[in-house]
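The values are calculated or read from the model by the stated rules, or taken from the named source; none is laboratory data. No experiment lies behind these values; they were computed from the predicted model shown. Please note: Cβ atoms are built from the backbone with ideal geometry, for glycine as well, and neighbour counts cover all protein chains shown. What goes into the accessible areas is simple: the full protein's heavy atoms, side chains included, and nothing from ligands, DNA or RNA. Shrake-Rupley method; radii C 1.70, N 1.55, O 1.52, S 1.80 Å.
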Amino acid sequence: MQQEPGSRVADSAGDVSVRVRQVIGEAGCSQREFARRIVMDPSKLSRSLGGSRRFTVAELARIADAGRVDAAWLLGSGSGHGRSAGARAGAGGHEGFPAHDGPSAHAVPVASEGGRPLQIVRETVRLIAEHGFHAVRVSDIAEACETSTAAIHYHFPGRAELLEAAVRWCMDEDTARRAARIAEADDAADELGQLIELQIPLSAQQRRQWRVWLDLWAEAARSTAVGQLHVDYYRQWRTTVADVIRRGVEQGVFRKVDPEFAALHLTALIDGLAAQVLATAPDGKSAETMRDALVSHVATELSTERAP
């Protein structure tokens, strides 16, 4: 009997959790990184592995896709890892999993980087940026991925889960980019400069990201579940900026300011300028003006005076 993608999988003996742990171990990454790859809340993954929460069928489908194992094996109804069955898992379904379309149904191959789930999520983010959060339908996403709505629901049971996954992926990508930029910096002043640079909507990717953020602010104002996710993320972003400013004060490259207030001031300036760039003239010139304004703000409000 097939289960719905959103239904919970019984795991009283903990066998499913053991197999998922094995997949994570063989993926050669941390549990948090694996959660990012399958677009799942890390706390939900942790609770599911610990036995206080059951995996959903759709979550196990994404785990199987990321680990290139047979989803039936995760449920204990298959023999061995079934790594070569990974493609079969994408083409014909499994016992307990809904059948969905795969390579045999469409000539276009699944995106190799991240597999079908991340392809779905990336296309969802693109559509949100182009048309707005509430205008995106599952059928639009299926068309963009050149697949069926059944294939979308195989990995994400409903529109709400899919939109939340898209938002979470967007935030995770932004966090990863920030961490990489900070790691390359020489001191806190350079760190802050790198963070600011990431916020300038110069590239198509940065403008797309900002359009998504602008939509999410409206969701946060309505106190929706996705909006709350954005509130938590934004709190993390301000904390990151405050921590950099605090290090700058300790290093002597920034004045003795209140890091939290300075971060609030700077991030508010970034938000306002970016909104103006996107709303009035989303071109290189206006984005460059935004950069100049932010650099000037840091120089006048934060940077210490250096002797000539």
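Give the residues of segment 188-204 that are open to solvent by 50 Å² or more (accessible area, probe 1.4 Å) and among the charged types (D, E, K, R), sorted by residue number.
Once the filter is applied, which keeps residues that are open to solvent by 50 Å² or more (accessible area, probe 1.4 Å) and among the charged types (D, E, K, R), segment 188-204 yields only Glu197.
Looking only at segment 12-26, decide whether some residue is part of a helix (DSSP H, G or I), modelled with pLDDT of 85 or more, of a type in the set (Lys, Arg) and open to solvent by less than 30 Å² (accessible area, probe 1.4 Å).
From segment 12-26, those part of a helix (DSSP H, G or I) are 15-26; that's our starting set.
Subsequent filtering for residues that are modelled with pLDDT of 85 or more retains 15-26.
So of that shortlist, the ones also of a type in the set (Lys, Arg) come out as 19, 21.
Next cut, open to solvent by less than 30 Å² (accessible area, probe 1.4 Å) only: none.
The answer is no, given that none of the residues of segment 12-26 is part of a helix (DSSP H, G or I), modelled with pLDDT of 85 or more, of a type in the set (Lys, Arg) and open to solvent by less than 30 Å² (accessible area, probe 1.4 Å).
What number goes with the only condition from (1) open to solvent by less than 30 Å² (accessible area, probe 1.4 Å); (2) over 19 Å from the mean Cα position of the chain (by Cα); (3) free of Cβ contacts under 8 Å to residues at least 60 places away in the same chain; (4) over 22 Å from Ala176 (Cβ atoms) that Ala263 does not pass?
Evaluating Ala263 over (1) open to solvent by less than 30 Å² (accessible area, probe 1.4 Å); (2) over 19 Å from the mean Cα position of the chain (by Cα); (3) free of Cβ contacts under 8 Å to residues at least 60 places away in the same chain; (4) over 22 Å from Ala176 (Cβ atoms) leaves (4) as the failure.
Only residues that are over 18 Å from Phe34 (Cβ atoms) and under 8 Å from the mean Cα position of the chain (by Cα): list them for segment 171-182, please.
Asp174
Within the group Arg211, Arg207, which residue is outside any loop (DSSP other than H, G, I, E, B), open to solvent by 60 Å² or more (accessible area, probe 1.4 Å), touching a residue at least 60 places away in the same chain (Cβ under 8 Å) and at negative phi?
The match here is Arg211.
Within the set of pairs 6+ apart or on separate chains, which have a first residue in segment 232-245 that is at negative phi, a second that is part of a helix (DSSP H, G or I) and β-branched (Val, Ile, Thr), and C-beta atoms under 7 Å apart?
Taking only residues 6 or more apart or on different chains, the pairs are Trp237/Thr267; Arg238/Thr267; Val241/Thr267.
Can you name the condition, by its number, that His230 falls short on among (1) more than 23 Å from His297 (Cα to Cα); (2) open to solvent by 60 Å² or more (accessible area, probe 1.4 Å)?
(2)
Is it true that Phe55 is open to solvent by less than 20 Å² (accessible area, probe 1.4 Å), closer than 23 Å to Thr175 by Cα and not assigned by the TED database to the domain that holds Asp172?
The answer is no for Phe55.
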